[in-house]
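**Student:** For reference, the structure I am asking about is given below.
Read-outs: derived from the displayed coordinates by stated rules, not from any lab. A quick note: this is a predicted structure, and the numbers were derived from the prediction, not measured. A quick note on method: Cβ atoms are made from the backbone with ideal geometry, for glycine too, and the neighbour counts reach across all protein chains shown.
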Amino acid sequence: MTGSATDVAESAEPSPRDPPEGVGPHGRILILRTLRDRRRRASSTQPPRLLEPTFSGVGLVAGALFIAVSLEPSLLPRIPIVQGVATGVSFMVGYGLGAGAHAIWNYLEVPNLRGRARIIVGWTVLGLIGLSLGLAIWRWVGWQNGIRRTFGMEELDPTAWPIVVGIALVVAAALLVAARALRMVFRWADQLLLRFLPHRLAVTLATAGMALLLWLLFSGVLVQGFFVVANWAFSARDLNDRLGTTEVASALRSGGDGSLVAWEDLGRQGRAFVSGGPTVDELASWSGGAAVEPIRVFVGLRSADTLEERAQLLLDELVRTGAFDRDVLVLTTTTGTGFIDANAADSLEFLYDGDTAIAGLQYSYLPSWISLLADQEAVDEASQVTFRLVHDYWAELPADARPEFYLYGLSLGSAGVESILSSIDILNEPVDGALMTGPTFLNLMHNELERSRDAGSPAWLPVVSDGRTVRFTGEQDALGEPTARWGDTRVVYLQHGSDPVVFFSPVTFYREPEWLQGSSRAPDVSPEMRWFPLITGWQTMLDMPAAGSVPEGFGHMYTAKANLQAWVGVTDPEGWDAADTAALGDYLNERRQEQLTLLEQLGR
């Protein structure tokens, strides 16, 4: 004998590939075809390996459609790198949806089209998507340049395409590898649980476990780790000065003679703020009369160990500089790094011939677009603690001998101002007004006011209660449009229709926003912009980091003239008229352009 008993026994058993005995020829053919189809389905359901160049046909078609949509207009013009990221992510969203839908279709064993019907439908779909993609590619440079002309930017040329395509391929490949890696982890967990549990229970637990792991990873470890690393990185940058910053000697500036705050502790933005602004000669030259040096007070994150100590230091600086003897006192809630917009500060100082005091406090090292996500609690706490100390001191002064008290906040700082306006600390002694510029999509009060706007007013420029307390405006002064009498405490929101920091919302991913509906849209928003599920939300979110890189007057960049118009509305200076606002606004814009040109020359 040439084999063992086991070999003989195994050879006697029918092969799974052979049909059982007693089946006729037609039956044998049917069974063989069934086994062949099962093997094909089994092999086709095996997912590709991590770097295997195998793709879902349905996914590629859906991805091509999403590429076409990603090339549609957004709020801001895009540089090629940003467009490449948007296209790469959009393609992978479409690819994932298409491949996933096809996998579910096959899993449910829903019959697929066959024969001529499959060919006709397939080529029709490919033709339509190819046409859409071709039109989108052809139109992309056109609408980009249309927005760029509106924004006063240099036009884009077709040589941007290699950058767009290259970045899109890199982003899509990275996301595909990451998705396949996650799928491998899921299948490993599924196979592990199958040793101990029934199939359906194992799949359910593996799916739930992966979802929980991803949630904890992205919302906890990765996000918090990113914030910690970013805070550490930007804290080092806080030690360096912005271009054009010079150390001050004036006793009316924090960091100057007699200051309770050391110059080096003011931080990058604080040092720029106290060293900037108009001189007395500039103010007197414009007004043709007497002017005084404006007071600028600032406390950096390194100035004291705790928030309470920094707030007390700010109050002490205000008292030391004589801020409560000025005509106007403005308490600002800064952005994360301590940034205070020069256009807002300078315009107010020109409006009041320097008889002003402006104070701010740093609460973070993070730039605005990161601070928007990381410092929401910090900005509210810093705003309220600082306001409480300064307001209590101001409220005890004789009403006829104290300055008018205003609040100011840009971007995330506007959320801090809202937290003050909604607190009970100002009920007995309300402030005289507040200016909030570029309010974020997270601002609760702003969002509620927009939802409750008067009928007929657009979402990008709402009118609330006919403007009795709160009014909205933009680059074009709209504060005079409401017909009601404006009360003693005036609140103004200054915002651009093209500012994604204001108008992004998670709702945009699945519902068309009101600011895009109908024919009434902001003049700085492309008339060609349309809403698409998922894609418009992603595009608008991607616009946010670039919102501060466009020319002033668009996006998140607000001109000196627009700030002046808003301050005139909030403070209602005596003897001031529209002609004065127009003249000073034009002068401030020209002055600002000269400053930007000088900074550009220094940076070369």
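**Student:** How do 464, 58, 170 rank when sorted from fewest to most other Cβ atoms within 10 Å of their own Cβ?
**Tutor:** Listing 464, 58, 170 from fewest to most nearby Cβ atoms yields 170, 58, 464.
**Student:** DSSP loop (so not H, G, I, E, B), at most 16 other Cβ within 10 Å: list which trypsin sites (Lys or Arg not before Pro) in region 90-171 pass both filters.
**Tutor:** 114
**Student:** Follow-up. Quick check: Cα centre of region 127-199 to Cα centre of region 278-338, how many Å?
**Tutor:** 48 Å
**Student:** For the Cα atoms of the chain, what angle does the longest principal axis make with the long axis of helix 342-351, in degrees from 0 to 90, nearest 10?
**Tutor:** It is inclined by approximately 20 degrees.
**Student:** If you take the charge dipole of region 180-315 about its Cα centre, with +1 on Lys and Arg Cβ and -1 on Asp and Glu Cβ, which of 210, 283, 315 is farthest toward its positive end?
**Tutor:** The Cα lying farthest towards the positive end belongs to 210.
**Student:** A follow-up question, please. Relative to the longest principal axis of the chain, what angle (0 to 90°, nearest 10) does the C-alpha long axis of helix 412-421 take?
**Tutor:** That helix lies at roughly 60 degrees to the long axis.
**Student:** Additional query: Rounded, prolate or oblate: pick one for region 57-235, where a ≥ b ≥ c are the square roots of the eigenvalues of its C-alpha gyration tensor, a/c under 1.5 means rounded, and failing that, prolate if a/b is larger than b/c, else oblate.
**Tutor:** oblate
**Student:** State to the nearest 20 debye the size of the charge dipole of the chain about its Cα centre, where the only charges are +1 on K and R beta carbons and -1 on D and E beta carbons.
**Tutor:** It works out to roughly 4900 debye.
**Student:** So, counting K/R as plus one and D/E as minus one, what does the shell of residues with Cβ under 13 Å around residue 142 add up to?
**Tutor:** So the surrounding residues net to -1.
**Student:** Name the residue from 445, 354, 427 whose Cα lies farthest towards the positive end of the charge dipole of region 336-484, charges +1 on Cβ of Lys and Arg and -1 on Cβ of Asp and Glu.
**Tutor:** Result: 445.
**Student:** For the chain, find the longest principal axis of its Cα atoms and tell me its angle to the long axis of helix 223-237, 0 to 90°, nearest 10.
**Tutor:** 40 degrees
**Student:** So what is the calculated 222 nm ellipticity per residue for the chain, using -39500 (n - 2.57) for each DSSP H run with n of 4 or more, over all residues, to the nearest 500 deg cm²/dmol?
**Tutor:** Taken over the chain, the calculation gives -17000 deg cm²/dmol.
**Student:** Given H placed 1.01 Å from N in the peptide plane, which residues other than close sequence neighbours of residue 366 have an amide H under 5 Å from its amide H?
**Tutor:** Amide H neighbours of residue 366, under 5 Å, 5+ apart: none.
**Student:** Share of antiparallel DSSP beta bridges in the chain, in percent to the nearest 5?
**Tutor:** Around 0 percent of the beta bridges assigned by DSSP in the chain are antiparallel ones.
**Student:** Sticking with this one: Give, rounded to the nearest 20 debye, the magnitude of the charge dipole that region 57-235 has about its Cα centre when Lys and Arg contribute +1 at Cβ and Asp and Glu contribute -1 at Cβ.
**Tutor:** 540 debye
**Student:** For region 327-369, run through the chymotrypsin sites (Phe, Trp or Tyr not before Pro) and keep only the ones in DSSP coil with at most 13 other Cβ atoms within 10 Å of their Cβ.
**Tutor:** Counting only loop positions with at most 13 other Cβ atoms within 10 Å, none of the chymotrypsin sites (Phe, Trp or Tyr not before Pro) in region 327-369 qualifies.
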